[in-house]
Amino acid sequence: MASISGDEKTDAVVQNKKVALRRYITGLPTEEDMEIIVDTISLRVPAGQTAVLVKNLYLSCDPWMRDRMSKHDDGDPTMLAPDFVIGEAMVNFGVGKVIDSAHPDFTAGDLVWGLSGWEEYTLITQTEYLNKINHSELPLSYYTGVLGMPGLTAYSCFFELGKPKKGDFVFVSAASGAVGQVVGQLAKIAGCYVVGSAGSDEKISLLKTKFGYDDAFNYKSETELGTALKRCLPDGIDIYFDSVGGATLDAALLHMRHGGRIVVCGMVSQYGLEEPYGVRNLYCIIGKTIRMEGFNVNGYFHLYPRLEEEMAGYIKHGKVTIVEDVVEGINGAPAALIGLFSGKNVGKQLVAIARA
Ligand code: NAP
C-alpha cells in the first residue's frame, strides 16, 4: 500500500492509477467491464478552480454503482445519479487526505470523506458531498461504512421511515452487509427484537454472535422463506428493512403485522435483471394498513452531523461493532465491487489504497 510521504510536493505531477468503466453494461458487472488506466495528475489545484485535490486512502464498494454502469435515457426518473463516463475514473464515496485546496472549508492535511474518484488522486470540483472527518481516532475506513454513506442510510432509513418503538419485531435482509449490520445493532439499541437474513452460515453466525441479532436464517438454504420467517418471528413483523426486494419482500409482505412499516432501502436481488421479479403479495398492504416507503439517502445528509456523533459514541462504548471486508490495492477494486452481487463480501466491502 502506498503512503503519503512528508516530502510529497504539491506542485509535482505524479502517476494516477484509476478504475474506469470500459463499456456500458446490462446484467451484472464483470471484471472485464472495467479497466485499470495509468494516467498522471498535478498535485496542485488549477488556478481559478474552487476545488480540492485529494489523495484517496479508502474506496468504498457500494451496490448503487451498478446503476451508474448502465446507459440511461435522458431524464430517466429511476436514475440514481449520472451514468459513469467511459474511460474516466468511476465515482463513489471514499476517504482521503487533502493535498491541496482552493476551497475555504478545506486545507492541506485535512482528512475527508465524500464523493471522490476510483483512483489514487482526485481533483474534487463538486464539494457538496465532501466532509471533514471529526473522529480520526477511530479507524478511517469506518468513514466508508458506519460513519459514512451506509451508516447514514441505516440510521436515517431505520429511524425516519421505520419509526421503531420498543418491543417492535424487526426483520432485516442483507443483514450482515454495510447497511444491514448497522441497522440490526441500532434496532437492538432501540429495544426491538431483531431477525436478519443473509446468504451463508458464516454470515448467520456473525449476525448472532457479533451484531446481537436475536435470530437469523440463511435464505439460500431455507426451502421456504415464509416458513423461516414464521419460525423466527412467530408474531409477525412490525418493521421490514428491505435491502433485497424480490422473493424476500414477497414473503415478508405476507408476514407483516397490522400497521407495519416496510422501508425499501434497496433491491439488490433485482439489480441487473432483465425481467424483474413480480411481487405477488402487495395486496397485504391494504388489509394490514402497511406503510411501504422508498428511501434515498440523498435527502438525509442534513442528519449526518448527528449520525457521526451518535455513532462514534456507540462505537467507542462498544454498542456498535463493525466487520469490514478489506481488499488491498486499487487493482483489486473491480473484483471487490462485483463480489457484492454474489454475496462474496463478509461485512462492509472496501478497498485500501494508501495510508494517511
Ligand atoms: P452489502 O449488504 O454490504 O452487500 C450487498 C449484499 O447483498 C451481498 O453481500 C449479499 O449478501 C446481498 N445480495 C447480493 N445479491 C443478492 C440476491 N440476489 N438476493 C439477496 N441478497 C443478495 O451492501 P450495502 O452497501 O449494505 O447495501 C445494502 C442495500 O442497501 C442495497 O440494496 C443497496 O442498494 C441499498 N442502499 C440503498 C441506499 C439508498 O439511499 N436507498 C443507500 C445505500 C445502500 P448475502 O450474502 O446476504 O446474500
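For a Förster distance of 30 Å, can you work out the FRET efficiency between the beta-carbons of Asp11 and His103, rounded to the nearest 0.05?
Taking R0 as 30 Å, the efficiency between Asp11 and His103 is 0.95.
Non-local amide H neighbours of Ile124 (under 5 Å, H modeled in plane, Pro and chain starts lacking H): which ones?
Here Val52, Leu53, Val54 satisfy the definition.
With charges set only on the Cβ (+1 for Lys and Arg, -1 for Asp and Glu), what does the dipole of the range 72-220 come to about its Cα centre, in debye to the nearest 20?
The dipole magnitude comes to about 980 debye.
How do Val85, Val346, Val52 rank by accessible surface area computed with a 1.4 Å probe, from largest to smallest?
From most exposed to least exposed: Val85, Val346, Val52.
Have a look at Gly212, Gly48, Gly109 and tell me which one the Gaussian network model of the chain (Cα, springs below 10 Å) gives the largest fluctuation.
Gly48
When only DSSP loop residues count, what trypsin sites (Lys or Arg not before Pro) in the range 253-356 have their Cβ near at most 11 other Cβ atoms within 10 Å?
Arg280
Need one number: nm distance between label points at Arg22 and Thr209, each 7 Å from Cα along Cα→Cβ, rounded to one decimal.
So the label points at Arg22 and Thr209 sit 4.0 nm apart.
Carbon-plus-sulfur fraction of the accessible area of the chain, 1.4 Å probe, in percent?
Looking at the chain in its full context, I get 51 percent from C and S.
Among the aspartates and glutamates, select those whose C-alpha is under 19 Å from the C-alpha of Lys288, and discard any that sit fewer than 8 residues away in the same chain.
Here the aspartates and glutamates satisfying the reach criterion relative to Lys288 are Asp168, Asp235, Asp238, Asp242, Asp250.
Counting DSSP beta bridges with both partners in the chain, what percentage is antiparallel, nearest 5?
55 percent
What size of dipole, in debye to the nearest 20, comes out for the chain about its Cα centre when the only charges are +1 on Lys and Arg C-beta atoms and -1 on Asp and Glu C-beta atoms?
So the magnitude is around 1060 debye.
Computed FRET efficiency, Cβ-Cβ of Thr40 and Lys132, R0 22 Å: what is it to the nearest 0.05?
With a Förster radius of 22 Å, E is 0.20.
Excluding Asp62 itself, calculate the net charge of residues whose Cβ lies under 14 Å from the Cβ of Asp62, where each Lys or Arg counts +1 and each Asp or Glu counts -1.
The answer is 0.
For the range 219-263 and the range 311-345, what is the centre-to-centre distance using only Cα atoms, to the nearest Å?
Using only Cα atoms, the two centres lie 26 Å from each other.
Taking the Cα centre of the range 206-253 as the origin, how large is its charge dipole in debye, to the nearest 20, when only Lys and Arg (+1) and Asp and Glu (-1) carry charge on their Cβ atoms?
Roughly 240 debye, rounded to the nearest 20.
Between Glu328 and Glu309, what is the label-point separation in nm under the 7 Å Cα-to-beta-carbon projection?
Between Glu309 and Glu328, the label points sit 3.9 nm apart.
Rank these by accessible area, largest first, 1.4 Å probe: Leu115, Leu303.
Leu115, Leu303
Please report the accessible area of Glu160 (heavy atoms, 1.4 Å probe, ligands and nucleic acids excluded) in Å², nearest 10.
Counting only protein heavy atoms, Glu160 exposes about 70 Å² to solvent.
For the pair Lys166 and Glu32, what calculated FRET efficiency results from E = 1/(1 + (r/R0)^6), where r is the Cβ-Cβ distance and R0 = 35 Å, to the nearest 0.05?
0.10
State, as an integer percentage, the relative contact order of the chain based on alpha-carbon contacts under 8 Å between residues 6 or more apart.
19 percent
Which pairs break 18 Å Cα to Cα here: Lys17/Lys55; Lys132/Lys319; Lys188/Lys208; Lys230/Lys344; Lys203/Lys316; Lys210/Lys348?
Lys132/Lys319; Lys230/Lys344; Lys203/Lys316
Could you tell me the accessible area of Ile330 in Å² (1.4 Å probe, neighbours in place), rounded to the nearest ten?
Here the accessible area works out near 10 Å².
Select from Leu340, Leu138, Leu229 the residue whose mean-square fluctuation is largest in a Gaussian network model of the chain (Cα-Cα springs shorter than 10 Å).
Fluctuation is largest for Leu138.
Express in Å², to the nearest 10, the accessible area of Cys61 obtained by rolling a 1.4 Å probe over the protein heavy atoms while all chains stay in place.
0 Å²
Under a 1.4 angstrom probe, counting protein chains only, how are His103, His302 ranked by accessible area, largest first?
His302, His103
Please name which of Ser101, Asn134, Trp118 has its Cα lying farthest along the dipole of the range 47-169 towards the positive end, using unit charges on Cβ (Lys, Arg +1; Asp, Glu -1) and the Cα centre as origin.
It is Asn134, whose Cα lies furthest towards the positive end.
The values are calculated or read from the model by the stated rules, or taken from the named source; none is laboratory data. Since we're looking at a predicted model, the values are computed, not measured. Glycine also receives a Cβ, built like all others from the backbone with ideal geometry; neighbour counts cover every protein chain displayed. Accessible surface areas use protein heavy atoms only, side chains included; no ligands, DNA or RNA. Shrake-Rupley method; radii C 1.70, N 1.55, O 1.52, S 1.80 Å.
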